[in-house]
Amino acid sequence: MKSSIKMKVSVCIVTYNHAKFVRQTLDSVLSQQTNFDFEVIVGDDLSKDNTREILAEYQTRYPDKIRLLLHPTNMGNNGMHNALSTFEAARGEYIAQMDGDDYWISPHKLQKQADMLDQHPDYSCCFTNARVVFEDEKYDSVLLVEDKKPVVTMDDLIGEDEIFFMATSSIMFRKNAIPAYPAWYYQSQSGDIPRNVLLAKAGLIGYIDEVMSVYRKNLGGASYADNEKDRKFLNNRILMYSNINRELDYKYDKVLRKNIARYYKLMLDANQYSESYFRRAGIALKYLYMGKPKSSIAKDIIQNYIVPAPLMKVYSAIRLMPYRLMDRL
């Protein structure tokens, strides 16, 4: 018997040049076994391959299930704006998000997650374990979740390093958990990390200890756009975590300052600064101020990035001068 709720779940999928994968994505969604109605909303970010032709084919086959948002221009920002457009169009009480190159491996994923949110009104969302597969490289697949806590809170999402264990395709969240996304959210190139923080702010996060989705990493995917030697990427991460720090009223200030400092340290080797002593020296000072690293690391940073090499030679010569004079006496 179908639920009395007209639309329980909206599956929101974002695509961009996913012709190679999107059939598997859609088939895994359409094979879901539920006792409620769900819709499928696909936002395409002006794909250059034949992704749209495949989407049109599936919509023709499932006209009452699939809705397409075919954007006339590329919305950019690693697909984040595209994802938000699907959320805004969603009619479901709950939203299950997917990227167009990921897929589900359990036909019961939607049902189990909706049941969990029904049973726990204090949960803003829930997620499952996910298998990470490397499409273009010869790495063994790995499971994303290691610490299998049944309930996740903000404390589990904030750290000195970047924390990521909730795959996009593994999450289901209440649409009303984030009634309006703050202005700073739109500045981030990552939609997942700040969204998970906002969800944790809205309520507890439940975990289902089953591998129900696959997170596919391939050279054409957004995850490979993250370049830790690119100034633009690193500056955006600094901005994102600074905004998260402010959003959380600086409750995690000490931890997040070290996280931000980590990106300043990475920026010392950014491609754009390889020939610029003064810029690197300024960044090194920011890292030392925010990160407050132990003395051995601080010494290396000072010697390698702040004190110019010629000056270091002069400094070393001055230090050795008394000993050389004594040797002559």
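The mean accessible area for residues of the chain, using a 1.4 Å probe and ignoring ligands and nucleic acids, is 52 Å² per residue. Result for the chain in a Gaussian network model with C-alpha springs under 10 Å: among 17, 271, 78, the largest mean-square fluctuation is at 271. Backbone geometry of the stretch 272-281 corresponds, through the Karplus equation with coefficients 6.51, -1.76 and 1.60 at θ = phi - 60°, to 3J(HN,Hα) couplings of 6, 10, 4, 10, 10, 5, 5, 5, 5, 5 Hz, x marking Gly and Pro. Taking the helices alone, the chain has a mean residue ellipticity at 222 nm of -12000 deg cm²/dmol, built from -39,500 (n - 2.57) per DSSP H run of at least 4 residues and averaged over all its residues. Counting heavy atoms of the protein chains alone, residue 160 has an accessible area of about 100 Å² for a 1.4 Å probe. The amide H of residue 132, built 1.01 Å from its N in the peptide plane, has 142, 143, 144, 215 as neighbours under 5 Å, considering only residues 5 or more places off or on other chains.
Distant-in-sequence amide contacts of residue 90, defined by a placed amide H-H separation under 5 Å and a gap of 5 or more residues or a different chain, comprise nothing.
For 116, 166, the ranking by accessible surface with the largest value first comes to 116, 166, using a 1.4 Å probe.
Within the straight-line cut-off of under 16 Å between alpha carbons, the lysines reachable from residue 292 are 254, 258, 265, sequence neighbours fewer than 8 places apart in one chain being disregarded. Restricting the trypsin sites (Lys or Arg not before Pro) of the stretch 64-141 to loop positions (DSSP other than H, G, I, E, B) with no more than 11 neighbouring Cβ atoms within 10 Å leaves 138. Peptides 211-217, 248-254 ranked from most to least packed give 211-217, 248-254, packing being the mean of other C-beta atoms within 10 angstrom over each peptide's residues.
Pairs with C-alpha atoms separated by more than 26 Å, drawn from the list 6/148; 20/109; 148/201, are 6/148. Just add up the charged neighbours of residue 262: K/R +1, D/E -1, any other residue whose Cβ is under 11 Å from the Cβ of residue 262. Value of the local net charge: 0.
The charge dipole of the stretch 1-108, taken about its Cα centre with unit charges on the Cβ of Lys, Arg, Asp and Glu (plus for the first two, minus for the last two), comes to roughly 280 debye. Relative contact order of the chain: 16 percent, from C-alpha pairs under 8 Å at least 6 residues apart in sequence. Solvent-accessible area of the stretch 51-193 (1.4 angstrom probe, protein heavy atoms only): carbon and sulfur portion equals 49 percent. Ranking 84, 285, 239 from most to least accessible surface, computed with a 1.4 Å probe over the protein chains only, gives 285, 239, 84.
The orientation-averaged shadow of the Cα convex hull for the stretch 44-106, equal to a quarter of the hull surface, comes to 5.2 nm². Karplus-derived 3J(HN,Hα) values for the stretch 27-39, using 6.51 cos²θ - 1.76 cosθ + 1.60 with θ = phi - 60°, are 4, 5, 6, 5, 8, 5, 9, 9, 9, 9, 7, 9, 10 Hz; glycine and proline are entered as x. Using Cβ point charges alone (K and R +1, D and E -1), the dipole size of the chain about the Cα centre works out to roughly 1420 debye. Across 47, 296, the residue with the most accessible area heads the list, and the full order at a 1.4 Å probe is 296, 47.
The values are calculated or read from the model by the stated rules, or taken from the named source; none is laboratory data. Here the structure is a predicted model, which is why all the values come from computation and not from measurement. Counting neighbours? That spans all protein chains shown, and the Cβs are built from the backbone with ideal geometry, glycine included. Surface accessibility is based on the protein's heavy atoms, side chains included, excluding ligands, DNA and RNA. Shrake-Rupley method; radii C 1.70, N 1.55, O 1.52, S 1.80 Å.
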